Amino acid sequence: MMFGSQKKNSPKAKAGAADTLICKQTKIIGDISFNGVLYIDGHVKGDIFAEEMESSLLTIGTNGYVEGQISVPHIVILGRVKGDVRATEHVELMADSRIEGNVYYKLMEMAMGAEVNGQMLHTVEKQKLLDHHRPTSAKKDSATKLDDDKIEQD
């Protein structure tokens, strides 16, 4: 299928349906840990983080207000956040979104009118360099041996 094909685990594929919905009249005090898609249109006072760190999506609706830290791979904000926002993959700030805190992002989309009162910090996972040839202790021993050989030659 060439047209309209998407990965099944992609958050965009599930963006129309929320696994969990927090309605406008709801206020939650406490931390929230979730998998899948979470839509908040109410008030949450606590930290929010995704257990599944690749495909989870958090949407804060126009009436949504979060007081706390957020750490989710994909985030769409239409409402307000008071606290740091960490999007390990993608964050989208819509026109009326308001954030009081730092925004850590890998990829960001920001509409005209969005407001961030804090720093916007681009984060990139650093690749780990591995030396498969010999263990670290062997490297140290060989370097010491080379230094000893150099001293003996002098």
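Numbers for the structure displayed
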quantity	calculated
Selected residue (only one of THR20, THR59 is among the hydroxyl-bearing types (Ser, Thr, Tyr) and modelled with pLDDT of 95 or more)	THR59
Residue in region 62-70 that is among the β-branched types (Val, Ile, Thr), at pLDDT 95 or above, out of contact with any Cys (no Cβ under 8 Å at 6 or more places or on another chain) and not in a strand (DSSP E or B) present	yes
Some residue of region 96-111 being assigned to a loop (DSSP other than H, G, I, E, B), more than 22 Å from TYR39 (Cβ to Cβ) and modelled with pLDDT under 95	no
Among residues of region 114-128, those that are modelled with pLDDT of 60 or more and loosely packed, with under 11 Cβ neighbours inside 10 Å, counted	6
Matching residues in region 90-102 - criterion: being out of contact with any Leu (no Cβ under 7 Å at 6 or more places or on another chain) and closer than 18 Å to GLU54 by Cα	VAL91, GLU92
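The values are calculated or read from the model by the stated rules, or taken from the named source; none is laboratory data. Bear in mind the structure is a predicted one, so any value in this text is a computation, not a measurement. All Cβ positions, even for glycine, are placed from backbone atoms using ideal geometry, and neighbour counts span all protein chains on display.
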